[in-house]
Amino acid sequence: MASAQLFSPFLSDLGPNGGSQRLVSSSTESRKDPLVKWLLLLIPVTSFGLGAWQIQRRKWKLNLIQQLEAQFTSSPISLPTDPTELQTMEFRPIKVSGHFDHSKELYLKPRTLVKPSKQSQESSGLGPQEIGAHVITPFLCTDSGITILVNRGFVPNKKLNPQTRMEGQIDGNLDLVGIVRLTEPRQQFAPENDVQNNVWYYRDLAAMADRTGAQPICIEADCDSTVPGGPIGGQTRVALRNDHLQYSVTWFSLSVFTSLLWFQKFIRKAH
């Protein structure tokens, strides 16, 4: 009996609420610590990987920009007989001969003026930030017999009605150089095209061709197409966003910062 009373404090520690429970708890924590340690290491490792991926994306984007600029500045070629070839020729200059059908103009808006020549800007009386639209007109190519769509360029809202710019409504045959443009998807917050009221917010070549009876082929006229009183040509935007360097710096910085935190927590503290 005396021996039982002597060892009773140690025996109680081995009960359901005693030392065995503390041993189980410490054992569980020891198993969790390495797991948390290596899971947290994934943060700097993943950040570094994303930074390296952005570097590769930047190289790809720079090559793409170089290719587009080379196409944009190349010599104009004739319109291919097979329209499907145009799918790989965006931003390539094309030369065509024919005449406009001004009765089926389309209006792509809202648009702002893009770097016009001083002479073109002064002849139209436009300010550099004036809001307006691009005038897209069917163009019958006399050599091939097909009708395409030509973005003649920018007009301000006050000149949207063709009756206010009759001087610029060219009649008869002419030679024209334009940049191939493909159809474009609707941006996330852009409204739907208002086909009934002939107001277009993005370039839907299939719908535009259906309304005008033209082929779903579009070129944007160059600056030389500009005539007094008419739309200002040369409105092609050749610009691709290249923010990959900033993205890579952000990811690499996050990787360095979290690596230092991880080292402080699990390496230096352990020593």
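The values are calculated or read from the model by the stated rules, or taken from the named source; none is laboratory data. This one's a predicted model, so the numbers in the text were calculated from it and none came from an experiment. No Cβ is skipped: glycine too gets one built from the backbone with ideal geometry, and neighbour counts run over all protein chains shown. Surface accessibility is based on the protein's heavy atoms, side chains included, excluding ligands, DNA and RNA. Shrake-Rupley method; radii C 1.70, N 1.55, O 1.52, S 1.80 Å.
Within segment 52-80, take every residue that is within 18 Å of the chain's Cα centre (by Cα) and within 13 Å of ILE179 (Cβ to Cβ) and give me the one that is least open to solvent (accessible area, probe 1.4 Å).
Looking at the filtered set, the residue picked out is LEU68.
Tell me yes or no: at least one residue of segment 253-266 is open to solvent by less than 40 Å² (accessible area, probe 1.4 Å), under 21 Å from ILE146 (Cα atoms), polar (S, T, N, Q) and not in a strand (DSSP E or B).
No, segment 253-266 has no match at all.
Any idea which residue in segment 171-200 is surrounded by the most Cβ atoms within 10 Å (Cβ to Cβ), counting only those that are of a type in the set (A, V, I, L, M, F, W, C) and at pLDDT below 90?
Restricting to residues being of a type in the set (A, V, I, L, M, F, W, C) and at pLDDT below 90, the top hit is ALA190.
Quick check on my filter: what residues within segment 206-248 are hydrophobic (A, V, I, L, M, F, W, C), in contact (Cβ under 8 Å) with a residue 12 or more places away in the chain and either in a loop (DSSP other than H, G, I, E, B) or open to solvent by 50 Å² or more (accessible area, probe 1.4 Å) (or both)?
ALA206, ALA214, ILE217, CYS223, VAL227, VAL238, LEU240, LEU245
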